[in-house]
Amino acid sequence: MKGLGDLCIQHNHNKITVLSHDSGGSFVLAYLVKALEIPCNFCLEGPALNIYKTILGNISLISFDQALSSSTLFLTSTSWDSNLEISAVSHAKKNNILTASVLDHWVNYVERFTLDSILHLPDYIVTLDSYAHQLACNSFPGASIIYERNYYYESLRSDYNVLTRKLAFKPSTLLYVTEPSSAHYTKQKHNPSHLWFDEFSCLRFFLDHLGALPCAFTNIRLRPHPSESPLKYTSIVNEYPGLNIVISQSTTLLDDLSQSVCVVGAETSVLALSSFIGLPTYSSLPPCAHTCRVPHSSIVHLRDLT
């Protein structure tokens with residue numbers, strides 16, 4: 001099989017259902033559906049609903065039970081904050097429904113397909129770059145793995161280039177992108193209090209070592225993860241009154257990226273995206289942490305500069 005489009009063309013247009021919850025996976029899968037012109041129904045929860053509507057316009061929404069009774073193919077993203085997709089894969093196997101799941105990150109591949117200590121691999125795993133493809137091959141020997149273009153990244157880079165050419169000012173903002181890493185470890189049944197670092201210590205390490213960064217900026221914009229409260233990091237921001245730090249009010253990541261001279265984060269997938277569009281990109285994982293698992297070679301560890 002050459003690609004996801006070849007798989008989908010074998011199924012009647014009203015027999016394919018897309019299932020998504022988390023924002024990261026929703027973006028990449030929605031752009032895949034759009035680029036490959038896949039006709040399908042949608043079973044969506046959480047932030048996925050608005051993301052798919054924004055990218056695709058009017059969509060046909062069905063319930064999980066309707067999807068099980070009417071589909072021959074499930075296309076899913078993967079999530080940390082929901083069991084929708086992994087439950088779909090599990091139920092699909094019991095109902096003779098073919099499954100293909102798209103990976104939007106480079107970490108915790110086994111955990112993304114594990115529910116109640118049982119591994120539920122889809123019939124096909126879809127990867128979107130050479131790093132993810134190799135990681136998936138190593139994690140799941142013998143699995144059927146499809147390599148597709150990342151249409152979301154390509155579209156955002158094109159929009160970024162158009163938008164920055166129109167800017168009437170030179171960007172002077174450093175964008176810091178957060179992620180709820182302690183919540184992820186909790187879901188993996190690790191106790192966050194036993195970790196040497198979390199999203200808060202990563203932010204503090206960054207703020208304590210700003211001077212090591214080679215990029216010039218006048219202010220810091222903090223963009224919380226979509227699942228985080230805008231107020232989550234207020235207490236840390238208040239610890240640094242001498243720094244010009246604001247919480248992002250932008251509705252889209254593109255808006256923040258277009259006004260930035262560089263991007264910093266711990267291990268968020270936004271690091272790969274900012275690197276892809278050509279912005280200087282840094283990981284704020286402190287010296288006590290592991291190496292950043294977003295594997296793109298252009299991402300620099302701030303700790304290596306201190």
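Of the residues in the range 81-96, at least one is touching a residue at least 24 places away in the same chain (Cβ under 8 Å) and basic (Lys, Arg). If I ask for residues that are buried (at least 18 other Cβ atoms within 10 Å of the Cβ), more than 19 Å from the chain's Cα centre (by Cα) and part of a loop (DSSP other than H, G, I, E, B), which ones from the range 12-48 would you list? The answer is ILE38, CYS40. If you check ASP104, ASP123 for being of a type in the set (D, E, K, R), within 22 Å of ASP6 (Cα to Cα) and either in contact with a Lys or Arg (Cβ under 8 Å, 6 or more places away or on another chain) or in contact (Cβ under 8 Å) with a residue 60 or more places away in the chain (or both), only one passes: ASP104. It is to be established whether one or more residues within the range 126-139 are under 21 Å from the mean Cα position of the chain (by Cα), farther than 12 Å from LEU19 by Cβ and in a loop (DSSP other than H, G, I, E, B). Yes, the conditions are met somewhere in the range 126-139. I'm told ILE236 meets every condition in (1) part of a helix (DSSP H, G or I); (2) more than 23 Å from ASP22 (Cβ to Cβ); (3) touching a residue at least 60 places away in the same chain (Cβ under 8 Å) except one. Can you identify the failing condition by its number? Of the numbered conditions (1) part of a helix (DSSP H, G or I); (2) more than 23 Å from ASP22 (Cβ to Cβ); (3) touching a residue at least 60 places away in the same chain (Cβ under 8 Å), the odd one out for ILE236 is (3).
Residue-wise test of (1) modelled with pLDDT of 95 or more; (2) crowded, with 21+ Cβ neighbours inside 10 Å; (3) of a type in the set (Gly, Ala, Ser).
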site	(1), (2), (3)
ILE59	yes, no, no
SER63	yes, no, yes
THR78	yes, yes, no
ASP81	no, no, no
ILE86	yes, yes, no
THR99	yes, yes, no
LEU103	yes, yes, no
VAL107	no, no, no
LEU115	no, no, no
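Summed over the range 52-85, the residues that are in contact with a Phe, Trp or Tyr (Cβ under 6 Å, 6 or more places away or on another chain) and over 20 Å from GLY5 (Cβ atoms) give a count of 1.
Looking at the range 243-281 only, could you name the residues that are without any contact (Cβ under 8 Å) to a residue 24 or more places away in the chain and of a type in the set (A, V, I, L, M)? Scanning the range 243-281 gives a single hit, LEU279.
Checking SER87, SER63, SER69, SER77 one by one, the residue that is hydroxyl-bearing (Ser, Thr, Tyr) and under 30 Å from ILE299 (Cα atoms) is SER77 and no other. Scanning the range 1-11 for residues that are buried (at least 16 other Cβ atoms within 10 Å of the Cβ) and in a loop (DSSP other than H, G, I, E, B) turns up just one, HIS11. Taking the range 159-206 as the search range and keeping residues that are among the hydrophobic types (A, V, I, L, M, F, W, C) and in a loop (DSSP other than H, G, I, E, B), which one is modelled with the lowest pLDDT? Only one residue tops the list, namely LEU195.
The values are calculated or read from the model by the stated rules, or taken from the named source; none is laboratory data. If you're wondering where the values come from, they're calculated on a predicted model, not measured in any experiment. Reconstructed Cβ throughout: ideal geometry from the backbone, glycine too, with neighbour counts over all protein chains shown.
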